[in-house]
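Let me begin by presenting the structure, written as structure tokens, before commenting on it.
The values are calculated or read from the model by the stated rules, or taken from the named source; none is laboratory data. These numbers were taken from a predicted model, which means no experiment stands behind them. Quick reminder, even Gly has a Cβ in these numbers, built from the backbone with ideal geometry, and neighbours come from all protein chains shown. Each accessible area value is taken on the protein alone, full model and side chains, heavy atoms only, with ligands, DNA and RNA left out. Shrake-Rupley method; radii C 1.70, N 1.55, O 1.52, S 1.80 Å.
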Amino acid sequence: MNKVKCIGILTSGGDASGMNAAIRAVTRSAISNGFKVKAIYRGYEGLINNEIREFTTEDVSNIIQRGGTILKTARCEAFMTPEGRRKAYEVLKAQEIDALIVIGGDGSLTGARMFADEYNIVCIGLPGTIDNDLYGTDYTIGYDMALNTIVDCVDKIRDTASSHNRIFFVEVMGRDAGFLAQNSAIASGAEAAIIPEDKNNADQLDEFIKRGIRKTKSSSIVIVSESKKDGGAMYYADRVRREYPEYDVRVSILGHLQRGGSPSAADRILASRLGEASIQAILEDQRNVMVGIRNDEIVYVPFIKAIKEDKPIDKSLIRVLNSLSI
Ligand code: F6P
């Protein structure tokens with residue numbers, strides 16, 4: 001028997017294009033199924049500080065096309081402590097919120113999982129991150145838009161790279177995952193991608209140079225996944241400058257522009273489907289799951305799996321890029 005009457009919704013962690021479409025879908029399908037909806041501002045931070053107000057269907061009008069998140073977002077350290085989560089629970093009780101929908105990435109769903117383990121509250125997660133790194137879902141909200149933005153930027157960089165016969169190292173986001181780097185490299189016709197998952201390759205830069213691309217092409221673009229470990233694009237550019245001084249090298253770090261912009265149609269549809277499915281999940285008495293999509297079907301993934309298991313990258317994508325970049 002489902003006892004949920006009032007659903008709280010928040011966005012947390014890095015914003016992703018399509019979060020607003022998800023907020024709209026959750027709000028509207030919750031209200032049409034008879035639930036009350038309360039909007040929690042600034043993620044877990046706003047939950048702890050009681051920055052909450054009731055939402056009507058009008059509150060989510062005219063937002064499906066907007067990037068960012070109208071609920072604002074934050075990375076909240078206090079929620080990672082038991083005291084922070086206790087405060088959050090007290091606020092939820094006072095607000096009479098009995099289910100929480102969290103739209104965010106790995107860190108946000110880790111918070112939701114801890115919270116759900118400690119308190120009797122229904123928690124449902126929606127994968128909202130440009131990194132596409134959550135296990136159990138083929139795509140995350142915001143990934144498609146970020147991918148398209150990167151491809152658009154690389155197309156522009158290609159014009160200047162080929163005019164000057166240069167090697168460009170373009171650094172893209174993704175945290176510890178190479179989905180954005182590998183697929184943007186394929187989509188933009190880049191000569192190589194350096195990603196964290198390609199562990200067979202002791203030195204991906206050497207491999208790229210050895211493939212002899214400079215003999216057949218006057219300019220090259222290498223997409224590099226951001227990395228805390230080796231310093232990303234700067235590191236590889238410095239190495240080429242040292243080891244191959246004959247090459248003219250430049251670096252472009254795309255940064256936060258990858259997170260902005262009006263969501264693509266694919267992200268709007270994904271966010272709408274997942275948002276609506278999160279309410280279905282509550283109606284079906286699901287709890288402590290992330291709602292994802294696999295083979296175009298809605299799936300429920302236990303939090304523990306979504307956050308703890310590594311999402312593998314399809315290794316054939318590496319072969320595709322290498323075969324097509326000769
Ligand atoms: O997780 C999304 C993401 O954009 C990562 O790709 C990136 O490493 C990180 O967030 C950047 O975080 P911030 O906006 O806090 O600098």
Just order 289-295, 14-20 by mean Cβ neighbour count inside 10 Å, highest at the front, would you? 14-20, 289-295
Rounded to the nearest 10 Å², what accessible area does R66 have for a 1.4 Å probe in the complete protein model? 120 Å²
Send over the Kirkwood Rh of the range 231-322, from the inverse of the averaged 1/r over different Cα pairs, rounded to one decimal Å. 17.7 Å
Cα to Cα, under 26 Å, and not fewer than 8 places away if on the same chain: which lysines meet these conditions relative to K217? K156, K315
Divide by every residue of the chain the summed helix terms, -39500 (n - 2.57) for each DSSP H run of at least 4, and state the resulting mean residue ellipticity at 222 nm, rounded to the nearest 500 deg cm²/dmol. -12500 deg cm²/dmol
Which whole-number percent gives the relative contact order of the chain, counting Cα pairs below 8 Å spaced six or more residues apart? 24 percent
Restrict the search to the range 267-326; then list the GluC sites (Glu not before Pro) that DSSP places in a loop and that have at most 15 other Cβ atoms within 10 Å of their Cβ. E284, E309
Determine how large the accessible area of D133 is when every protein chain is in place; take a 1.4 Å probe and give Å² rounded to the nearest 10. 40 Å²
Roll a 1.4 Å probe over the protein heavy atoms and report the accessible area of R166 in Å², nearest 10. 40 Å²
Starting from the Cα of K72, draw a straight line to each of the lysines and keep only those under 29 Å, dropping any in the same chain fewer than 8 residues away. K3, K5, K36, K38, K87, K93, K228, K305, K308, K311
Could you work out the relative contact order of the range 196-326? I mean the mean sequence separation of Cα pairs under 8 Å and 6+ apart, divided by the number of residues, in percent. 16 percent
Any idea how far apart Q65 and T216 come out in nm if each label point goes 7 Å out from Cα toward Cβ? 4.4 nm
Would you list the membrane-span-like helices of the chain, meaning whole DSSP H runs whose alpha-carbon atoms span at least 15 Å along their axis and whose mean Kyte-Doolittle value is at least -0.5? 19-32, 106-118, 143-164, 265-283
Please work out the Cα center distance from the range 69-135 to the range 152-187, rounded to the nearest Å. 34 Å
Give me the net charge for the shell around R42: Cβ to Cβ below 15 angstrom, other residues only, Lys and Arg +1, Asp and Glu -1. +1
The range 145-259 - percent relative contact order, Cα under 8 Å, separation 6 or more: 39 percent
